[in-house]
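J.: Quick one: structure below, then a few questions.
None of the figures in this text is laboratory data; all of them are computed from the coordinates on show. Only a predicted model underlies this, so the values are computations on that prediction, with no experimental measurement involved. Heads up, the Cβs are rebuilt from the backbone with ideal geometry, glycines too, and the neighbour counts pull from every protein chain shown.
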Amino acid sequence: MSGTDDSGAVTIPVGTACGKVILLGEHAVVYGAPAIAAGIERGAWARARRIEEGPSRLSIPAWGVLVHEGDPGDLGRAFAALLTEAGISGREAPVAVEAEAQLPPGGGLGCSAALGVAVARAIEPGAPEAKLAARVAAWEGVFHGNPSGVDAACAANGGCVLFTKGTGVEPIRIGAPLHLCIGNSGTSSSTKEMVESVARLRARKPDVARKTFDGITALVRNARLAIEAGDTFALGRLMDLNQMLLSGLFLSTPEIERLCGLARDAGAFGAKLTGAGGGGCVVALVKGEEAAEPILEAWRSAGFEGFTTSVLRVERADVALGGAP
Ligand code: PMV
C-alpha cells in the first residue's frame with residue numbers, strides 16, 4: 001500500500017475524488033432515467049497506512065470524527081463494507097485512514113461518494129476501475145440504501161456526464177464553459193430518506209411519478225443538446241423546469257425556493273436544487289465569473305453561504321483537486 005520514493009523515504013498514497021452537482025435528473029435517475037452530472041473542484045482526499053494492531057480506523061479530523069471498523073454508526077459500517085469488498089477486512093492487515101472533505105455532508109454535492117472514492121483510492125491506489133466501483137458501491141449502499149451510482153461515477157472521474165443506472169457514464173462535450181454558483185440552504189438532508197419519500201409517493205401515485213419522470217427525461221435530453229451547443233441560456237430554462245418538477249415531488253423547501261428566486265433575480269440563467277433535496281444545496285447557472293458576484297451577494301444578504309465553481313473538463317479528478325496534502 002505504501003512504498004518508498006527515490007530517496008528511500010516512505011511515501012503514503014493519497015486518494016482524491018471530486019464532488020458533483022446534478023445539473024438535471026436527480027431522483028428520476030434512481031428509476032432508470034438519465035441524469036446530467038458534473039464534477040466540481042471541491043472534493044475529498046484520503047491517505048492510508050498500515051498499522052500494527054487492528055481494528056482499522058478512519059479519521060476525519062476537521063469534523064472531529066474517528067470510527068473503527070465494526071463501529072455501529074453509518075460511517076463505521078460504510079468503512080467496514082468498503083474494507084470487506086477490498087478483501088482487507090479483519091485484524092490481519094489493519095489500516096489507518098485519514099480523510100478530509102471540502103463538501104457539506106448531506107448537502108447534495110456527493111460528499112459521501114467523494115469520501116468513499118478517496119478512501120478506496122488511498123487503500124489501493126492502482127486498483128482497477130471495476131474494483132474501485134464495487135468498493136465505493138459497498139460504502140454508498142450504507143448511506144443511500146439504493147444509490148443510482150451517479151455520485152460515485154462523478155466522484156471518480158469528474159467531467160460532465162450523462163449517467164444512466166445500469167449503463168454507466170457517457171461523457172458530454174461541453175460547448176461553452178459552465179459557470180456555477182452553489183448556495184447552501186443551511187440544512188442538510190438524508191439522501192436515503194429523500195429517496196424513500198419519492199418511493200412512497202410513487203407507490204401511492206404511480207401515474208404522477210411516471211409523468212414526472214418522463215418530463216424529467218425529456219428535459220435531460222434537451223439539456224444535453226444545449227450543453228453540447230453551448231446554449232447556456234436554454235440550459236438555464238431547462239434547469240428551472242426541472243426544479244418545478246422536483247417541487248412537485250415535495251423535494252423542495254422554502255429555503256431552496258428562496259435561493260433559486262434570489263439567483264434568478266440576480267441574473268442567473270436558471271437555478272434548482274441539486275442532489276436529494278429536502279435541504280442541501282442549490283445550483284445556479286451563470287454567464288461567467290463576474291456574473292456570479294451579484295448572486296453570491298444576494299445570498300449573503302439573505303443569510304446564505306455560497307461559492308462559485310466551474311465544471312471540470314478533466315477525465316480524472318485526481319489531477320485537478322486543490323487541498324490535498
Ligand atoms: O444528495 P446526493 O448528493 O447524495 O445525490 C443524490 C442523488 C439522487 O438521485 C437523489 C439519488 C441517487 O442515488 O441518484
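J.: Once the Cβ-Cβ distance between LYS131 and ALA302 is put in as r, and R0 is 51 Å, what FRET efficiency do you end up with, to the nearest 0.05?
T.: 0.65
J.: Next up: Can you tell me how the range 219-288 classifies by the Cα gyration tensor, rounded, prolate or oblate, using a/c under 1.5 as the rounded cut?
T.: Oblate.
J.: Quick check for the chain: number of Lys pairs with alpha-carbon distance under 17 Å, counting only pairs 8 or more apart or on different chains? Present the calculation step by step, with values, prior to reporting the outcome.
T.: Details: LYS20/LYS165; LYS20/LYS272; LYS165/LYS192; LYS272/LYS287.
Total qualifying Lys-Lys pairs in the chain comes to 4.
J.: Right, something else. Give me LEU238, LEU225, LEU162, LEU24 sorted ascending by neighbouring Cβ count inside 10 Å, so fewest comes first.
T.: Result, fewest neighbours first: LEU225, LEU162, LEU238, LEU24.
J.: Considering the chain as a Gaussian network with a 10 Å cut-off on Cα pairs, which listed residue, GLY159, GLY108, GLY70, attains the greatest mean-square fluctuation?
T.: Largest GNM mean-square fluctuation: GLY70.
J.: So, in Å, what gap is there between the alpha-carbon centers of the range 269-295 and the range 132-199?
T.: 17
J.: Let's see if you can work this out: charge +1 on each Lys and Arg Cβ, -1 on each Asp and Glu Cβ, no other charges. What is the dipole magnitude of the chain about its Cα centre, in debye to the nearest 20?
T.: Here the size comes out at about 920 debye.
J.: Further question: GNM, the chain, Cα, under 10 Å: largest mean-square fluctuation among VAL161, VAL30, VAL150?
T.: Comparing VAL161, VAL30, VAL150 in a Gaussian network model of the chain, the most mobile one is VAL30.
J.: Divide by every residue of the chain the summed helix terms, -39500 (n - 2.57) for each DSSP H run of at least 4, and state the resulting mean residue ellipticity at 222 nm, rounded to the nearest 500 deg cm²/dmol.
T.: Here the helix-only value at 222 nm equals -13000 deg cm²/dmol.
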